[in-house]
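Working notes for the structure below.
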Number of protein chains: 2
Amino acid sequence: METGFSKQLDDAILEISKLPGIGKRTALRLALHILKMDGNEVALLANAITALKEKVCYCKECHNLSDTEICDICGNPKRNKQIVCVVQDIRDVVAIENTHQYNGVYHVLGGIIAPMDGIGPKDLNLDSLFERVDHGGISEVILALPATVDGDTTNFYIYNNIRGKIPIVTTIARGIGIGEELEYTDEVTLGRSLLSRTDFEQSYLKH
Amino acid sequence: METGFSKQLDDAILEISKLPGIGKRTALRLALHILKMDGNEVALLANAITALKEKVCYCKECHNLSDTEICDICGNPKRNKQIVCVVQDIRDVVAIENTHQYNGVYHVLGGIIAPMDGIGPKDLNLDSLFERVDHGGISEVILALPATVDGDTTNFYIYNNIRGKIPIVTTIARGIGIGEELEYTDEVTLGRSLLSRTDFEQSYLKH
């Protein structure tokens, strides 16, 4: 889609529509919105985008995003560095942080083992995880990967490489989501939630 | 939503989520995508946004967007300046231009009369339309406003102000969309398409 009357607008539509999930029509809508925005706000937006790319790096410890060499989570003396939560993606770190239920540190794999997509262990931040384990001082590794076949494959791969080196290896609970009806839960999840049933009192007191 | 580990990322999420239809989650997804983009591409995006705001202005003739004082449509000697198509918004200019069926010029109102939203004739580019009409040289005004109550109100308002000054005042055809089933067309549209039925041969030869 070219407007044919403004090269600047065409340029903006082209660049904005390169972003994932944004088509030409949405790009036009966003461009027209930007035109109506205050000059300062537009500068803030453009600067935030530039600064993001220029200043953000990856934490040398956990591969999370960071403004400094070591991220604020790894560098925080209040966090428990004996517990490492292994996640697929930075978005999962954000999701877990937003629960305010976790005080340990993370290890971001940058993906999961997916043979069908040609993603093997060497494509992920796995060696650095095993190095952290070998380095010692970790009492628990929590595997918080997706509840998919690829997630399970990756769980087993990690488990086989760290078993015996870590006192406790756990995985996040799979079961019925809070507020979910049994009727609409798929049978695999429901079956597993029965097998992994927990003590009522413990469950009741914990949450 | 704050990540709590990268101020730059938080800034980018905040600024991106100010855009219409983009929530915090989508903003995070876009920000992480921007991080994976090539440095040049990010610069292109940021520059396109800045240039859009700084360099684009409104055409003095038709109020369309333009990189220059007079837009490329008004300034094009091949366009028929005797025909003026009145539209609500710049997006409508883009939509009509994309049909490649129109060779006249435009007049962008910047909205329509909407008493319920407190938008009156003074809030729109109506006076400049009437000035163009008074100035002479226009043989046809096409009213291409939305087929809504507010659109009809605006149509009547314009018509009452230009009747007798312009040889022909037309409105775009309302009827069944191409590829649409009669069964699923609302009765008002279907009724009007019956009343506005056109000669088969003429219709067949024209399209």
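The values are calculated or read from the model by the stated rules, or taken from the named source; none is laboratory data. Treat the numbers as computed from the prediction; the structure is a model and nothing was measured. Here the Cβ is made from the backbone with ideal geometry for all residues, glycine too, and neighbour counts use every protein chain on show. Note: accessible area is taken over every heavy atom of the protein model, side chains too, but ligands, DNA and RNA are not part of it. Shrake-Rupley method; radii C 1.70, N 1.55, O 1.52, S 1.80 Å.
Points to keep in mind about this one:
- Taking only alpha carbon atoms, region B:112-154 gives an Rg to Rh ratio of 1.03, where Rh is the Kirkwood radius.
- Cα long-axis angle, helix B:90-99 against chain B (0 to 90 degrees, to the nearest 10): 70
- Highest average packing first - B:170-177, B:136-143, Cβ atoms within 10 Å: B:136-143, B:170-177
- Cα gyration tensor shape of region B:76-205, rounded if a/c is under 1.5, else prolate or oblate by comparing a/b with b/c: oblate
- Rounded to the nearest 10 degrees, the angle from helix A:39-55 to the longest Cα principal axis of chain A is 50 degrees.
- Pairs of Cα atoms nearer than 8 Å and 6+ residues apart set the relative contact order; for chain A it is 12 percent.
- With the simple model of a label 7 Å out from the Cα in the direction of the Cβ, B:SER193 to B:THR148 spans 2.2 nm.
- The protein assembly as shown, accessible surface, carbon-and-sulfur percent (1.4 angstrom probe): 53
- Chain B: calculated mean residue ellipticity at 222 nm from DSSP helix runs of at least 4, using -39500 (n - 2.57): -13000 deg cm²/dmol
- Interface size, chains A and B: roughly 5000 Å² of accessible area buried, both sides included, 1.4 Å probe, rounded to the nearest 100.
- In the context of the full set of protein chains, the protein assembly as shown has a per residue accessible area of 59 Å² (1.4 Å probe).
- For B:97-104, mean number of other protein chain Cβ atoms within 10 Å: 1
- Longest to shortest principal axis, alpha-carbon extents of region B:1-113, angstrom: 61, 34, 24
- Counting only other chain Cβ atoms within 10 Å of each residue's Cβ, the peptide A:11-20 averages 6.
- Per residue of B:23-30, other chain Cβ atoms within 10 Å of the residue Cβ number 3 on average.
- Two-site FRET efficiency, A:PHE156 against B:LYS7, from Cβ-Cβ distance with R₀ of 45 Å, rounded to 0.05: 0.75
- Given A:LYS36/B:LYS18; A:LYS81/B:LYS24; A:LYS24/A:LYS53; B:LYS81/B:LYS122, the pairs whose alpha carbons are separated by over 20 Å: A:LYS81/B:LYS24; A:LYS24/A:LYS53; B:LYS81/B:LYS122
- The loop-placed trypsin sites (Lys or Arg not before Pro) in region A:29-86, going by DSSP, that have at most 10 neighbouring Cβ atoms within 10 Å of their Cβ come out as A:LYS78.
- Here B:LYS78 is the anchor, and the aspartates and glutamates within straight C-alpha reach of less than 16 Å, apart from those fewer than 8 places off in the same chain, are B:GLU97.
- Highest mobility in the GNM of chain B, judged by mean-square fluctuation with C-alpha springs under 10 Å and restricted to B:ASN160, B:ASN64, B:ASN125, is found for B:ASN160.
- Considering only beta bridges that DSSP places wholly inside region B:1-130, some 40 percent are antiparallel.
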